[in-house]
Amino acid sequence: MIKGQIVAGVLAPHPPHLVYAENPPQNEPKSECGWETLRWAYERCRKNILAKKPDVLLVHSPHWQTIVGHHFLGLDEFKGLSVDPIFPHLFRYNYNVKIDVELSLSIANEAKEMGLITKIMKNPDFRVDYGTITTLHLINPAWDIPAVAISSNNSPYYFSNEVGQKQMMILGQATKAAIEKSGKRAVLLASNSLSHRHFTKEATIPEDMSAEHIYNHAQYLWDMEILKMMRQGRSQQALDTLSEFIDMASAEV
Amino acid sequence: MSSNIISQIYIVPGLPHILLAHEKSPAWQSLYDSYSKLRQEIENNNEADLILYFSTQWLSVIGYMFQADPNPEWLHVDQNWYDFGSMPYNFKVDTSFSEAYSQEVSKLGHNVKLINYKGFPIDTGTIVAQKLLNPNNKFPASMVSCNMYSEKDESIEIGQAAAEALKNQGKKAIIVLVSSLSNRYHIKDIDPKEDEISSAKDNEWNLKILELLAEGRLEDVSQCTREFSRQANADMNGKGLWWLSGLCGQTNNFQGKVYDYQPVWGTGAALISLTPTFTPIDTTDNINQDNLDPQVKPSNQIFSSRAPEPVGAYAHAKKVGNLLFLAGIGPRERGTKTIPGVTLDKQGKIIDYDIEIQTRSVIENVKIILEDSGSSFEKIIDVQVFLTDMEKDFKKFNEVYKEYFSKTQPTRTTVSITALPTPIAVEFKIIAEA
């Protein structure tokens, strides 16, 4: 069998605003557009990703928060209505996601062997979190590529960023090993924002771009610093800086 | 005032273990059984109009959300404990109150959103509590979100807005705070039979909080919530306790009862009731001693939610036998620094005062405290009067006094003193029949 490979990794955040502004048929609320530059970026990203003809999209979402270990969706298909608990007026989306259960199980096993706790979610009534759905939609609106959906372990909240980061590094290594064994071409989607401090008020028209900006300048500077490292391929430095960045920019973990 | 708008207050945990998997653990089963007692109380409640929920698991970012779907219905699965099973629900919601409450919160300058979307995810905590407390929708429910960025003052004012909405609608509510105490989970799989609070320190803090709540000292809990949160990772930093305190008048004037305290996957889960009361309470039988720290000592202190705030560590009144002893009562008014009948300069020194106005205000405060203690003005036995300027003020003071006391004529002693702790000229000390 050909050795599988990670063909791309994307920091692919999940603001439901982008789906809302795009007005896809699956989403009930409709907008007058907005957040264009981000949506254009997603369009370019989508084009690049799909050109690599991936067999599977792996999403790690901070909106499926788990306490005991790292969880994986474990049935062939999940479908239903996702209503965003924070922005329900923007995101009420009918989803139907196919899961690559074989790869999910394989990653879970690899991670378990490396010392992590893993669990497979097989309750058919389970509602897939909106972070996973938003990211998958924005990368592949046709929904014709199976996915692996991985939860976000809560350990950073209970212990420290470093503990969380250590676990995530192991999870990443397990994911890589399982992908290589699978023979599949995989795209990794980290469904995370950078700085993550929200406004607590909203413009009357949510897509009113005159009201949109990064919450404060310090967060903006930190975002730019991390982006600069990523742009220059200094991933180890970005990892070394990550813990401080999370604290200083209220980054999403 | 709280007693007219609140029928009963409950603090309950909202973890699905209690609803779906109680048989797996003696601790969870105990909580399930205790929930049954509260459910029975609610079934027997004939005075409430609705149940108002505040769950620390319903988080909002932009202001506050209010459930406004008259009949939300869904099949819910918890994101962590999905193996325990699914939770179908079909609730009845008091949309009129939700709207009224949202309007009050809007007046405070917060964004508000009425939630009426098919499939909106009601949080696990609210579902667990509602299914265990009000399974047949005997009372319509109202639900408000917990803003993840709110701090103490904001949480309190959101609670106060609920009280205002209840008052405006003329409704009486059962108030349910769905919240754990310490909120530190075991992060590995455990044998549910051996579940325990995840740290000794968390346990110690939980017991401290329970001790206060068993005495009905909700405001005292609110005051130490920040430290509780720091020390024991209180659920959502204790926002729910602040909300509850704001709604209930920021007083300690409750009859507290702790039904149970158990671990749920390491967190502190307690079922507590608080009954608003302005009558002296004998709380010696109110605590389930099997489940509570033996240091708990009920009290007979009375704190009025209408009288001026004490300026030291004392109650407004204390009942001993069939007598009621009031603290020294001055003319101040609750919630304001302005003293009726007193004009102060910028440094807080008295420029001028009116002894008649002050005396009337003192007597009105005495009336309030007596009423809130279950007694009445007519039951006053003895009055001690303290005047800071006998020569100047006695005559006018005595004229006002006569208006109020000519019928009952309790015994009285009037003395002149050099000063009182606040810039007032008169203070009464009262003994009355309880």
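Please state which one of B:Glu378, B:Glu371 is exposed (fewer than 14 other Cβ atoms within 10 Å of the Cβ) and assigned to a helix (DSSP H, G or I).
B:Glu378
Restricting to the stretch B:381-416, name every residue that is surrounded by 13 or more Cβ atoms within 10 Å (Cβ to Cβ) and either touching a Cys at 6+ places or on another chain (Cβ under 8 Å) or aliphatic (A, V, I, L, M) (or both).
B:Ile381, B:Val383, B:Val385, B:Leu387, B:Met390, B:Val400, listed by residue number.
Which fully enclosed strands (runs of 3 or more DSSP E) of the stretch B:1-75 have 3 or more residues being over 20 Å from B:Asp260 (Cα atoms)?
B:50-60, B:64-67
Would you confirm whether or not the stretch A:31-49 contains a residue that is aromatic (Phe, Trp, Tyr), farther than 24 Å from A:Gly183 by Cβ and within 14 Å of chain B (Cβ to nearest Cβ)?
No, there is no match, as no residue in the stretch A:31-49 is aromatic (Phe, Trp, Tyr), farther than 24 Å from A:Gly183 by Cβ and within 14 Å of chain B (Cβ to nearest Cβ).
Only residues that are closer than 30 Å to A:Arg197 by Cβ and away from chain A (no Cβ under 12 Å): list them for the stretch B:127-154, please.
B:Ile127, B:Ser142, B:Met143, B:Val144, B:Lys152, B:Asp153
Taking A:His196, is it crowded, with 16+ Cβ neighbours inside 10 Å and not hydrophobic (A, V, I, L, M, F, W, C)?
It is true that A:His196 is crowded, with 16+ Cβ neighbours inside 10 Å and not hydrophobic (A, V, I, L, M, F, W, C).
Can you tell me which condition B:Gly125 does not meet? The list is (1) buried (at least 23 other Cβ atoms within 10 Å of the Cβ); (2) touching a helix residue (DSSP H, G or I) at 6+ places or on another chain (Cβ under 7 Å), and all the others hold.
Exception for B:Gly125: condition (2).
Report the residue count in the stretch B:25-62 for those that are open to solvent by 20 Å² or more (accessible area, probe 1.4 Å), of a type in the set (Gly, Ala, Ser) and out of contact with any strand residue (DSSP E or B) (no Cβ under 6 Å at 6 or more places or on another chain).
So the count comes out to 1.
Which of the following residues is farther than 27 Å from A:Leu105 by Cβ, in a helix (DSSP H, G or I) and open to solvent by 50 Å² or more (accessible area, probe 1.4 Å): A:Gln173, A:Gln236?
Sole residue among the options that is farther than 27 Å from A:Leu105 by Cβ, in a helix (DSSP H, G or I) and open to solvent by 50 Å² or more (accessible area, probe 1.4 Å): A:Gln236.
Looking at B:Ser229, is it in a helix (DSSP H, G or I), open to solvent by 10 Å² or more (accessible area, probe 1.4 Å) and among the hydroxyl-bearing types (Ser, Thr, Tyr)?
Yes; evaluated as a whole, the condition is true for this residue.
Output the residues belonging to the stretch B:175-199 that are within 13 Å of another protein chain (Cβ to nearest Cβ) and in a strand (DSSP E or B).
If the condition is that a residue be within 13 Å of another protein chain (Cβ to nearest Cβ) and in a strand (DSSP E or B), then B:Ser182 is the only one that fits.
Sort out which residues of the stretch B:155-174 are of a type in the set (Gly, Ala, Ser), in contact with a Phe, Trp or Tyr (Cβ under 9 Å, 6 or more places away or on another chain) and away from every other protein chain (no Cβ under 14 Å), and write them in order of number.
B:Gly159, B:Ala161, B:Ala162, B:Ala165, B:Ala173
Evaluate the stretch B:43-57: report whether one residue or more is touching a Phe, Trp or Tyr at 6+ places or on another chain (Cβ under 9 Å) and within 11 Å of chain A (Cβ to nearest Cβ).
No - not one qualifying residue is present in the stretch B:43-57.
Taking the stretch A:176-193 only, how many residues are part of a helix (DSSP H, G or I), open to solvent by 40 Å² or more (accessible area, probe 1.4 Å) and over 20 Å from A:Ser61 (Cβ atoms)?
The total comes to 2.
In the stretch B:212-252, which residues are aliphatic (A, V, I, L, M) and out of contact with any strand residue (DSSP E or B) (no Cβ under 9 Å at 6 or more places or on another chain)?
Passing the criteria: only B:Val221.
Return a yes/no flag: does the stretch B:405-419 have any residue that is in a helix (DSSP H, G or I), closer than 29 Å to B:Asn253 by Cβ and among the hydrophobic types (A, V, I, L, M, F, W, C).
Yes, the conditions are met somewhere in the stretch B:405-419.
Can you find even one residue in the stretch A:151-165 that is open to solvent by less than 70 Å² (accessible area, probe 1.4 Å), among the aliphatic types (A, V, I, L, M) and either out of contact with any Ser or Thr (no Cβ under 6 Å at 6 or more places or on another chain) or not assigned by TED's automatic domain parsing to the domain that holds A:Leu50 (or both)?
No, the stretch A:151-165 contains no residue that is open to solvent by less than 70 Å² (accessible area, probe 1.4 Å), among the aliphatic types (A, V, I, L, M) and either out of contact with any Ser or Thr (no Cβ under 6 Å at 6 or more places or on another chain) or not assigned by TED's automatic domain parsing to the domain that holds A:Leu50 (or both).
Select from the stretch B:155-186 the residues that are open to solvent by 50 Å² or more (accessible area, probe 1.4 Å) and either out of contact with any Asp or Glu (no Cβ under 9 Å at 6 or more places or on another chain) or not basic (Lys, Arg) (or both) and list them in ascending order.
B:Glu157, B:Gln160, B:Glu164, B:Lys167, B:Asn168, B:Gln169, B:Gly170
Answer yes if at least one residue in the stretch B:61-84 is away from every other protein chain (no Cβ under 12 Å), touching a residue at least 24 places away in the same chain (Cβ under 8 Å) and among the aliphatic types (A, V, I, L, M), and no otherwise.
no
I'd like to verify a number: residues in the stretch B:112-121 that are closer than 21 Å to B:Gly159 by Cα and at the interface with chain A (Cβ under 9 Å from one of its Cβ atoms), how many?
So the count comes out to 2.
One residue is enough: does the stretch A:203-218 have a residue meeting the conditions open to solvent by 60 Å² or more (accessible area, probe 1.4 Å) and touching a Pro at 6+ places or on another chain (Cβ under 6 Å)?
no
Among the residues of the stretch A:195-220, which ones are touching a helix residue (DSSP H, G or I) at 6+ places or on another chain (Cβ under 8 Å), in contact (Cβ under 8 Å) with a residue 60 or more places away in the chain and within 14 Å of chain B (Cβ to nearest Cβ)?
Across the stretch A:195-220, the qualifying residue is only A:Pro206.
Restricting attention to the stretch B:85-111, report how many residues are within 11 Å of another protein chain (Cβ to nearest Cβ) and under 18 Å from B:Pro16 (Cβ atoms).
Residues meeting the conditions: 4.
Could you say whether any residue in the stretch B:395-404 is modelled with pLDDT of 85 or more and under 21 Å from the mean Cα position of the chain (by Cα)?
Looking for residues that are modelled with pLDDT of 85 or more and under 21 Å from the mean Cα position of the chain (by Cα), one finds none in the stretch B:395-404, hence no.
If you scan the stretch A:158-193, which residues turn out to be over 15 Å from A:Met114 (Cβ atoms) and free of Cβ contacts under 8 Å to residues at least 60 places away in the same chain?
A:Tyr158, A:Phe159, A:Val163
Which one of A:Asp129, A:Asp84, A:Asp125 is within 13 Å of another protein chain (Cβ to nearest Cβ) and free of Cβ contacts under 8 Å to residues at least 60 places away in the same chain?
Result: A:Asp125 is the single residue among A:Asp129, A:Asp84, A:Asp125 that is within 13 Å of another protein chain (Cβ to nearest Cβ) and free of Cβ contacts under 8 Å to residues at least 60 places away in the same chain.
Residue-by-condition table, conditions (1) assigned by TED's automatic domain parsing to the domain that holds B:Ser98; (2) in contact with a Pro (Cβ under 6 Å, 6 or more places away or on another chain); (3) in a helix (DSSP H, G or I):
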| residue | (1), (2), (3) |
| --- | --- |
| B:Lys118 | yes, no, no |
| B:Pro121 | yes, yes, no |
| B:Lys131 | yes, no, yes |
| B:Lys138 | yes, no, no |
| B:Ser145 | yes, no, no |
| B:Ile158 | yes, no, yes |
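The values are calculated or read from the model by the stated rules, or taken from the named source; none is laboratory data. Computed from a prediction, not measured in an experiment: that's the story for all the values here. All Cβ positions, even for glycine, are placed from backbone atoms using ideal geometry, and neighbour counts span all protein chains on display. Surface areas here come from the heavy atoms of the whole protein model, side chains and all, with no ligands, DNA or RNA. Shrake-Rupley method; radii C 1.70, N 1.55, O 1.52, S 1.80 Å.
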